[in-house]
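A short worksheet on the structure shown next.
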Amino acid sequence: MFRDRQDAARQLSERLGRLRGQRPLVLAIPRGGVPMGRIIADALGGELDVVLVRKIGAPGNPEYAIGAVSEDGSVHLEESARRCREGWLAAEIDHQRDLIAQRRSRYTPVRAPIDPAGRVLVVVDDGSATGATLAAALVTLRQRKPSRLIAALGVAPPDTLERLGKLADEVVCLESPRDFHAVGQYFAEFGQVEDDEVLALIGQPLADDPPSKP
């Protein structure tokens, strides 16, 4: 079990230490992945940005992902989504697309997302149950032609890691329990991350950047 997201991030930073000097682009999945992404980016001398994907939660169980929507508008559905009413699913997809647009305008209102082409990418989340959200992010980012695509997360079940391994060049996961039920089980502290914290974290300069002149 991890103490908190910061604990997991420090452990991931150690596992990814070979990337120091390559100035990786760390792309965190909001909101829980952002505190971890900040620590990892600073530890590796990289840049931090967000990759915007939204989970489509199952009716009556919104924490269980039956698909995901990416910022480019693409939709990735699990087999279980076929059991949902078509009208409900279409409305939910539209809703998640709207939320993605709102988040981008709020998180990076004065600049475009950092271009991942040719970069070593580290896609960070605190954990994943079905892998739907992280998988959608990896599929979308692969199309942007990074030099290497790495998924980094605290915890996920073995079948999810197997799935992610087919989409990423490398998957770094700290814990992979077979009796997995929910990500929050494996963190002693797993509080909700608010938008204000995300804004503060992605606005921070690199740890080794010189202070700006007045």
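The values are calculated or read from the model by the stated rules, or taken from the named source; none is laboratory data. Keep in mind that what you see is a predicted model, and the values were worked out from it rather than measured. Cβ placement follows ideal geometry from the backbone for every residue including glycine, while neighbour counts extend to all protein chains displayed.
Find the residue count for region 76-94, including only residues that are free of Cβ contacts under 8 Å to residues at least 40 places away in the same chain and surrounded by 13 or more Cβ atoms within 10 Å (Cβ to Cβ). Before you say what the answer is, go through the steps one by one.
Filtering region 76-94 for residues free of Cβ contacts under 8 Å to residues at least 40 places away in the same chain gives 77, 79-94.
Filter again for surrounded by 13 or more Cβ atoms within 10 Å (Cβ to Cβ), leaving 77, 80-81, 84, 89, 92-93.
Residues flagged as free of Cβ contacts under 8 Å to residues at least 40 places away in the same chain and surrounded by 13 or more Cβ atoms within 10 Å (Cβ to Cβ) within region 76-94 amount to 7.
Taking the criterion of being modelled with pLDDT of 95 or more, small (G, A, S) and closer than 24 Å to A43 by Cα, would at least one residue in region 204-211 satisfy it?
Here is the first cut: in region 204-211, the ones modelled with pLDDT of 95 or more are none.
No - not one qualifying residue is present in region 204-211.
In region 81-122, what residues are more than 17 Å from the chain's Cα centre (by Cα), over 21 Å from P24 (Cα atoms) and among the aliphatic types (A, V, I, L, M)?
The answer is A81, L89, A90, A91, I93, V110.
I'd like to verify a number: residues in region 144-181 that are surrounded by fewer than 13 Cβ atoms within 10 Å (Cβ to Cβ) and not acidic (D, E), how many?
6
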